[in-house]
Amino acid sequence: MIYDEIRSMLAAPPSGADAPSLHEIEETLTAGYANALALEAERLRLERRIAAVAAGLNTESEPPATAELATLAQQLTVADGDLAQLRGLLSSLRVRANAVRATA
């Protein structure tokens, strides 16, 4: 998983034989940004579905709709947490990449 790969790179020494190369760091950043975009797309999909279900509550007011709304809200919360965590890791890895560039 991309989270583990980023954590591994951050835990590695910044220089020396065991340090990840700038190329490896940049590839991981690219994969991480792609993952972040996918999470953002999922958040948008969930928000749109929540809006659609909420609009239907005005006319239908069925318990299944409220159950779906609760599930969607929980999924959105998870996606928000995942995205925040990934952004934090990517930010730290970006700092590492900048440091590697500066010493190259």
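The values are calculated or read from the model by the stated rules, or taken from the named source; none is laboratory data. Note that the structure is a prediction, hence the values are computed from the model and not measured. Cβ placement follows ideal geometry from the backbone for every residue including glycine, while neighbour counts extend to all protein chains displayed.
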| remark: Residue hits (the stretch 66-94; at pLDDT below 95 and touching a Leu at 6+ places or on another chain (Cβ under 9 Å)) are Thr66, Leu69
| Matching entry among Leu83, Leu37, Leu29 (being within 29 Å of Met9 (Cβ to Cβ), part of a helix (DSSP H, G or I) and out of contact with any helix residue (DSSP H, G or I) (no Cβ under 9 Å at 6 or more places or on another chain)) | Leu37
| said: Here is a check on your reading of the model: is Arg101 surrounded by 16 or more Cβ atoms within 10 Å (Cβ to Cβ) and not β-branched (Val, Ile, Thr)? | reply: no
| request: Only residues that are within 17 Å of Ala84 (Cβ to Cβ) and of a type in the set (Val, Ile, Thr): list them for the stretch 1-37, please. | output: Ile2, Ile6
| How many residues are surrounded by 11 or more Cβ atoms within 10 Å (Cβ to Cβ) and either acidic (Asp, Glu) or free of Cβ contacts under 8 Å to residues at least 40 places away in the same chain (or both) when one looks only at the stretch 21-33? | 4
| Tell me, which residue of the stretch 5-20 that is of a type in the set (Gly, Ala, Ser) and surrounded by 11 or more Cβ atoms within 10 Å (Cβ to Cβ) is nearest to the chain's Cα centre (by Cα)? | Ser8
| message | On the basis of being surrounded by 14 or more Cβ atoms within 10 Å (Cβ to Cβ), of a type in the set (Lys, Arg) and more than 19 Å from the chain's Cα centre (by Cα), does Arg43 make the cut? | response | no
